[in-house]
Amino acid sequence: MDHVEILSRIQFAFTIAFHYIYPPLSIGLGVCLVFMEGLYLKTKDKVYEELTRFWVRIFALIFGIGVATGIVMEFEFGTNWAVYSRYVGDIFGSALAAEGIFAFALESAFLGILIFGWNRVSPRVHFLSTVLVALGSMFSALWIVVANSWQQTPTGYRIEGEGLKARAVVTDFWEMVFNPSSIERYSHVLIGAFLAGSFLVLSVSAWYILKRKYLIHSQKAFKIALWVAAVSSLGQLFTGHKSAEVITKYQPAKLAAIEGHFETAPADMYLLGWVDAKNQTVTGLKIPGGLSFLVHQDFKKPIPGLNSFKPENRPGAINFVFQTYHLMVAIGMTLIGLCWLAIFLLYRKKLFQNRWLMGVFVGSVLLPQIANQVGWYTAEVGRQPWVVYGLLRTSDALSQAVKAEHVLISLILFTLVYVILFVLFIYLLNKKIQHGPDIGPEDPETPSSRFEL
């Protein structure tokens, strides 16, 4: 890789990784808001209304930062990746247009009612706006994942032109939308977002419980988010397996890189390890034939190894793909254990007295975020050297006129701006958390309230 390609890839990876902090939070938090406000309508318990008002303020902050950071990537397509933009413009244009019409417009329109509609519209209309904002955020993710999935498993297109003038043109819109990986990848991304948002609620609620503040509010919020997280954690296990089946069929080189599998033979499944790509060895703890069993339900069935592909068609950073994938799986299993341990203690009426577990939940907000990030790294780095799998190489997708120093300067400036944005986000988020829910005068709760068992 030349310097322009390296810097352009770093720049895009940095900007999208930073942006990807926020949409999953807003999607998952939107689901929790629907349950909170729905329970308020059902029970008329003012605590649920106060919880909804509190978390709507945090949702608005996350939404605003997410929109601001997402705009940058669209400009990068044109500046750093002009050949790529021309090549996929017809595909991306239709998907992003659909996002703007069917998702972003819906989410933005009803976000105003969600934030400012309290006491101005009826409770049912406000609840409807909450539902539509949550659905809008999910629809937005759908079209983004469709566009990215087409790069992984392209269908419903034809190629017009040659060389730098070549471009993919949609021949069947719905075949493009429902390409072989879109549903599996969307469900996996969506459930990851549910985990990110619900663990934010769990973390803040656990912190209140440890500080003995807003105990009734925080325990009710904790229970709602815990059920969202517990169900989602199991769902992520299923959707992850389905995504792996798609990779097995359409991207066998990525599958081999994920487990450091070099020779075509029965493939082991590693729980942890280290890949020495130069010597083509893996050291670690493994289940012999485990990958073969997961793929073919046969421990002795061979799996194509990396050596069965031309060197120029293999992922380059094999150990990186191996580590990010296994970190994602390890975090996923940790979240399952953590959630269902909490469910068990909840039914034993011992959950909220368990201070060490509440402390774990305070810090656990980072786990879904890390899992989402490294899962994306696995998918994108494992796809290399292709930016559109089997059709367009990443090295061929660059803008021809951009120089390395231009990319470096913009990367430095983006980093400075994003650091400022992140510091501002943390400051405002902490300020809202410190303020806490606005409790009505008739509410008996005080910061020193007893535990609700």
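The values are calculated or read from the model by the stated rules, or taken from the named source; none is laboratory data. Because the structure is a prediction, the values reported are computed rather than measured. Cβ coordinates were reconstructed from backbone atoms using ideal geometry, including for glycine residues, and neighbour counts include every protein chain displayed.
Of all residues in segment 304-322, those that are over 18 Å from residue 270 (Cβ atoms) have Cβ atoms under 6 Å from Cβ atoms of residues that are in a helix (DSSP H, G or I) and not β-branched (Val, Ile, Thr), 6 or more apart or on another chain, in 309/253; 314/253; 314/306. Applying the condition of being among the aliphatic types (A, V, I, L, M) and under 30 Å from residue 155 (Cα atoms) to segment 391-437 and asking which residue is surrounded by the fewest Cβ atoms within 10 Å (Cβ to Cβ) yields 391.
If the condition is being at pLDDT below 90, in a helix (DSSP H, G or I) and small (Gly, Ala, Ser), then segment 158-184 contributes only 163.
Scanning segment 79-104 for residues that are of a type in the set (Gly, Ala, Ser), without any contact (Cβ under 8 Å) to a residue 12 or more places away in the chain and surrounded by fewer than 17 Cβ atoms within 10 Å (Cβ to Cβ) returns 93, 97, 100. Can you give me the number of residues within segment 369-418 that are farther than 30 Å from residue 249 by Cβ and in a helix (DSSP H, G or I)? So the answer is 15. Criterion applied to 140, 149 was being in contact with an Asp or Glu (Cβ under 8 Å, 6 or more places away or on another chain) and either in contact (Cβ under 8 Å) with a residue 40 or more places away in the chain or part of a helix (DSSP H, G or I) (or both), and the one residue passing it is 140. Filtering 59, 54 for residues that are part of a helix (DSSP H, G or I), over 25 Å from residue 398 (Cα atoms), under 21 Å from the mean Cα position of the chain (by Cα) and among the aromatic types (Phe, Trp, Tyr) leaves a single hit, 59. Scanning segment 10-39 for residues that are more than 17 Å from the chain's Cα centre (by Cα) and not acidic (Asp, Glu) turns up 10, 11, 33, 34, 35, 36, 38, 39. Of all the criteria given as (1) surrounded by 18 or more Cβ atoms within 10 Å (Cβ to Cβ); (2) not in a strand (DSSP E or B), the one not satisfied by residue 270 is (2). The set of residues in segment 307-359 being farther than 30 Å from residue 260 by Cα, of a type in the set (A, V, I, L, M) and touching a helix residue (DSSP H, G or I) at 6+ places or on another chain (Cβ under 6 Å) consists of 342, 343, 351, 358.
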